[in-house]
Amino acid sequence: MKSALSSSSPANGSTTPESVPLLDLSRQYKTIREEVLAAIARVCDSQSFILGPEVEALEGEISALIGASGAVGCASGTEALWLALVAAGVKPGDSVITTAFSFFASASAIVRAGATPVFVDVDPGSLNLDADLVHRLLRTKQPETLRAILPVHLYGQCADMDAFDRIAQEFEVALVEDAAQAIGAEWRGRSAGSLGITAAFSFYPTKNLSAYGDAGMVTTTCPRMAEHMRQLRNHGSPRRYYHHEFGWNGRMDGIQAAVLRVKLAHLADWNRSRQQHAATYDQLFAGAGLTSNPSSDKSGAPVRSLARSPHATHVFHQYVVRAQRRDELRKFLAERRIGSEIYYPLPLHLQPVFSYLGLKAGDMPVSEQAAREVLALPMFPELTEAEIRCVVEGIAEFYS
Ligand SMILES: Cc1ncc(COP(=O)(O)O)c(C=O)c1O
């Protein structure tokens with residue numbers, strides 16, 4: 001296995017690294033430090049800390065990037081999901097279909113909108129919400145209360161938005177995107193965030209476009225909804241001290257917007273670097289004879305990649321594999337100071353807080369198996385080829 005690894009092209013950084021972090025934000029900071037500090041100083045000089053010109057400018061830039069008719073800056077990706085759902089018409093008593101395999105906020109935002117999540121299992125190849133299962137569920141028993149479908153573009157790859165678009169039209173429900181992990185991703189050349197009626201992005205510090213704190217953005221293809229979300233993020237208030245509905249304080253800070261504007265100019269390059277790193281991982285894994293085709297889980301290969309749709313431009317928020325003896329492998333890598341993470345160790349339908357839904361182990365077998373097998377490997381734009389090689393060599397050693 002090792003000879004296959006060492007025979008490929010030379011590393012950009014020839015010495016073997018002593019450790020490989022899962023994510024190292026300080027490397028990126030070094031490349032943009034002056035720009036970021038100048039942007040923060042600009043906000044301090046203006047003393048405009050909440051919403052204001054930086055947030056408005058960022059909204060315009062993201063709206064143009066995504067091809068949306070409106071973008072509304074807010075306090076976090078979780079807040080963005082709530083805004084997206086409420087603007088799409090989700091209200092108390094409704095239900096919303098979403099994936100059983102995502103970060104908690106995909107489901108908790110539904111609950112916060114007063115609705116009930118209806119969990120559906122994921123596609124075994126991509127681990128995105130399974131459109132066939134959603135369609136089957138709706139054909140057999142469409143809940144009368146169903147208001148929306150919320151696919152998550154997991155790890156930076158769009159869910160099958162052709163299928164979800166057809167389903168949303170057939171059953172007359174809103175299509176809302178959880179694009180928290182997918183800024184810059186595309187489906188058939190259209191940007192994530194412009195594929196549903198509303199969409200939520202997170203700028204949490206680990207994301208592909210990340211703030212220096214919490215921040216999020218909701219985009220929409222409907223100008224009327226953008227206006228509604230602007231009010232909702234500011235106490236349901238169209239005019240200061242006049243309140244038409246119960247909104248919330250979900251506003252974005254000027255400093256976060258200023259930092260995000262600096263980083264937005266680099267996003268395309270950073271996403272390209274992630275794609276190159278993913279290709280390097282793929283090539284090294286294949287060269288070492290470690291991986292098998294994602295659709296053949298009986299091949300006996302110790303590591304399986306996830307399926308990639310030919311219609312999706314993946315931005316690799318995470319590079320995730322499915323690994324045999326995953327927990328032992330993770331420990332082995334940690335001993336060699338190689339970072340990894342499990343996104344996610346417990347599917348949403350088995351979270352104790354959702355026990356009121358009456359779901360049990362075995363109800364979402366694909367999500368449950370994924371939770372036992374997935375492992376995210378180091379992935380960030382500044383990662384070096386030598387580091388990727390070190391990760392794959394470590395994995396090869398474990399299985400040798
Ligand atoms: C799929 C998904 N949805 C929603 C969120 C929530 O975003 P935030 O942490 O900015 O509230 C995240 C972020 O972790 C996420 O990964």
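Can you work out which of the residues in the stretch 234-255 that are outside any loop (DSSP other than H, G, I, E, B) and charged (D, E, K, R) is farthest from residue 214 (Cα to Cα)? Can you show your working first?
In the first step, residues of the stretch 234-255 are kept if they are outside any loop (DSSP other than H, G, I, E, B); the result is 234, 239, 242, 249, 253-255.
When the remaining residues are screened for being charged (D, E, K, R), the result is 239, 253.
Details: 239: 26, 253: 9 Å.
So, considering only residues that are outside any loop (DSSP other than H, G, I, E, B) and charged (D, E, K, R), the one farthest from residue 214 (Cα to Cα) is 239.
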Tally, over the stretch 78-105, of residues that are part of a loop (DSSP other than H, G, I, E, B) and among the polar types (S, T, N, Q): 1
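Any residue at all in the stretch 71-81 that's out of contact with any Pro (no Cβ under 7 Å at 6 or more places or on another chain), modelled with pLDDT of 95 or more and more than 16 Å from the ligand (Cβ to nearest atom)?
No, because not a single residue in the stretch 71-81 is out of contact with any Pro (no Cβ under 7 Å at 6 or more places or on another chain), modelled with pLDDT of 95 or more and more than 16 Å from the ligand (Cβ to nearest atom).
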Looking at the stretch 156-178, which of its residues are surrounded by fewer than 24 Cβ atoms within 10 Å (Cβ to Cβ) and farther than 22 Å from residue 83 by Cα? 160, 162, 163, 166, 167, 170, 171
Within the stretch 5-21, is even one residue at pLDDT 95 or above, surrounded by 17 or more Cβ atoms within 10 Å (Cβ to Cβ), farther than 22 Å from residue 183 by Cα and of a type outside the set (Ser, Thr, Tyr)? yes
Exactly one condition in (1) farther than 23 Å from residue 98 by Cα; (2) out of contact with any Pro (no Cβ under 6 Å at 6 or more places or on another chain); (3) surrounded by fewer than 17 Cβ atoms within 10 Å (Cβ to Cβ) is not met by residue 324; state its number. (2)
Between a first residue in the stretch 102-123 that is in the same structural domain as residue 346 (by TED's automatic domain parsing) and a second residue that is within 14 Å of the ligand (Cβ to nearest atom), which pairs have beta carbons less than 6 Å apart while being 6 or more apart in sequence or on different chains? none
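Listed here are the residues, each with its yes/no results for (1) part of a loop (DSSP other than H, G, I, E, B); (2) surrounded by fewer than 21 Cβ atoms within 10 Å (Cβ to Cβ); (3) of a type in the set (Val, Ile, Thr).
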residue	(1), (2), (3)
269	no, yes, no
273	no, yes, no
285	no, no, no
307	yes, yes, no
316	yes, no, no
333	no, no, no
In this structure, does residue 355 turn out to be more than 16 Å from the ligand (Cβ to nearest atom), under 28 Å from residue 20 (Cα atoms) and polar (S, T, N, Q)? no
Top-ranked residue of the stretch 184-200 - restricted to ones that are part of a strand (DSSP E or B) and small (Gly, Ala, Ser), ranked as nearest to residue 217 (Cα to Cα): 200
Just to check your reading of the model, which residue among 180, 185, 192 is within 16 Å of the ligand (Cβ to nearest atom) and within 18 Å of residue 75 (Cα to Cα)? 180
Filter the stretch 335-352 down to the residues that are farther than 25 Å from residue 23 by Cα, within 22 Å of the chain's Cα centre (by Cα) and either without any contact (Cβ under 8 Å) to a residue 40 or more places away in the chain or part of a strand (DSSP E or B) (or both) and list them by number. 350
Out of 40, 66, sole residue that is in contact with a helix residue (DSSP H, G or I) (Cβ under 7 Å, 6 or more places away or on another chain), farther than 27 Å from residue 359 by Cα and β-branched (Val, Ile, Thr): 40
Restricting to the stretch 106-124, give me the number of residues that are buried (at least 23 other Cβ atoms within 10 Å of the Cβ) and either assigned to a helix (DSSP H, G or I) or at pLDDT below 95 (or both). 4
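Among the listed residues 198, 145, which satisfies the condition of being touching a Gly at 6+ places or on another chain (Cβ under 8 Å) and not assigned by TED's automatic domain parsing to the domain that holds residue 322?
Only one candidate qualifies: 145.
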Going by what's in this entry, would residue 84 be described as within 16 Å of the ligand (Cβ to nearest atom) and either surrounded by fewer than 24 Cβ atoms within 10 Å (Cβ to Cβ) or aliphatic (A, V, I, L, M) (or both)? yes
Kindly indicate whether any position in the stretch 218-229 is out of contact with any Phe, Trp or Tyr (no Cβ under 8 Å at 6 or more places or on another chain), within 16 Å of the ligand (Cβ to nearest atom) and within 21 Å of residue 94 (Cα to Cα). yes
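The values are calculated or read from the model by the stated rules, or taken from the named source; none is laboratory data. The model shown is predicted, which means the values in this text are computed figures rather than measured ones. Reconstructed Cβ throughout: ideal geometry from the backbone, glycine too, with neighbour counts over all protein chains shown.
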